[in-house]
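As structure tokens, the structure follows; a few thoughts come after it.
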Amino acid sequence: MRLRIDLAYDGRGFRGWASQPGLRTVQATLEESLATVLRLDGVAVTCAGRTDTGVHARGQVAHVDLPEGVLEAAAGRVADDPAEALLRRLNGVLPEDVRAHGARAAAPGFDARFSAVWRRYAYRVADAPALVDPLTRGHVLAWPRPLDLDRVNEAAAALVGLHDFAAFCKRREGATTVRTLLDLRWERDAAGVAVATVRADAFCHSMVRALVGCLLAVGEGRREPGWAADVLAGRQRDPAVAVAHAHGLTLEEVGYPPDAELAAQATTARRRRELPDPVVTGAVTAQARSEAQSEEQA
């Protein structure tokens with residue numbers, strides 16, 4: 001059976017999500033804890049989004065495939081749902097900086113990574129001395145200069161949509177940097193902290209933090225709002241774009257389609273993302289414009 005696990009973690013004590021020999025990671029910690037609770041020699045977990053070193057999550061989603069009967073055997077004689085019994089035992093083994101919030105049998109076709117249609121991150125910035133709270137320093141960036149969020153949102157609007165985000169990504173051999181950025185906006189929370197909401201179909205390595213770094217430069221007045229669009233159009237890493245610190249970033253939520261569409265979405269997500277052919281797109285647009293004019297004349 002495939003089990004879905006929803007979890008949260010404080011990323012400060014981890015070297016990212018993905019297992020690395022000799023390093024403490026979220027994946028290795030979760031797999032070791034599951035192996036202990038389920039009494040298995042090895043467990044392999046897949047997540048919705050691999051967070052970098054120091055990045056937090058309160059809405060991470062993972063799945064694990066279990067042999068038939070293992071979950072029920074681990075629950076023992078407990079009368080509760082076996083997945084609920086596993087959840088309690090898992091949290092009893094996990095360290096305090098990781099917490100499983102839900103565990104249940106996954107719907108047919110569910111894949112934590114490929115069935116996801118979007119991931120939503122938040123980046124928090126305290127840009128005034130009165131906003132810097134020692135109690136939240138682990139997940140809010142203290143910024144020494146005030147930010148003009150109107151300028152920031154003007155710059156951010158040009159980045160939303162289907163683009164090649166190579167200028168904001170750490171390149172990986174053979175991997176595409178084409179993504180659809182669904183939301184990128186900044187607003188202040190009730191305390192006055194500047195919060196960036198960043199939602200996309202997927203993200204490449206360090207993309208969110210590079211976007212934030214670019215917009216911080218605009219917000220404090222070092223760059224004009226149009227600079228963000230210029231960087232994007234360059235399609236290569238610009239050394240003038242600083243990657244924001246990891247601790248201000250949190251994976252907040254992962255979105256999935258209805259159960260009946262999970263398998264189809266997983267198939268679609270495995271296809272390589274590419275930008276539309278501008279020649280073909282232009283021809284289609286011209287044809288549509290011609291047909292519309294013909295209809296108006298008729």
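The values are calculated or read from the model by the stated rules, or taken from the named source; none is laboratory data. Quick caveat: nothing in here was measured; it's all calculated off a predicted structure. For neighbour counting, all protein chains shown are included, and Cβ atoms are generated from backbone atoms with ideal geometry for every residue, glycine included.
The table below gives the values:
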{"quantity": "Unique residue being in a helix (DSSP H, G or I) and either more than 20 Å from Arg185 (Cα to Cα) or assigned by TED's automatic domain parsing to the domain that holds Val212 (or both) when the list is Arg145, Arg89", "calculated": "Arg89"}
{"quantity": "Options Ala79, Ala74, Ala83: the member that is touching a Leu at 6+ places or on another chain (Cβ under 6 Å) and at pLDDT below 95", "calculated": "Ala74"}
{"quantity": "Exclusive hit being exposed (fewer than 14 other Cβ atoms within 10 Å of the Cβ) and free of Cβ contacts under 8 Å to residues at least 40 places away in the same chain, set Arg172, Arg188, Arg145", "calculated": "Arg172"}
{"quantity": "Residue among Thr46, Thr25 that is touching a residue at least 24 places away in the same chain (Cβ under 8 Å) and polar (S, T, N, Q)", "calculated": "Thr46"}
{"quantity": "Qualifying residue in segment 153-168 (condition: touching a Ser or Thr at 6+ places or on another chain (Cβ under 6 Å), aliphatic (A, V, I, L, M) and buried (at least 17 other Cβ atoms within 10 Å of the Cβ))", "calculated": "yes"}
{"quantity": "Residue within segment 186-204 that is of a type in the set (Ser, Thr, Tyr), within 29 Å of Ala266 (Cβ to Cβ) and modelled with pLDDT under 95 present", "calculated": "no"}
{"quantity": "Residue selected from segment 115-132 under the condition in a loop (DSSP other than H, G, I, E, B) and touching a residue at least 24 places away in the same chain (Cβ under 8 Å), by the criterion nearest to Val198 (Cα to Cα)", "calculated": "Val117"}
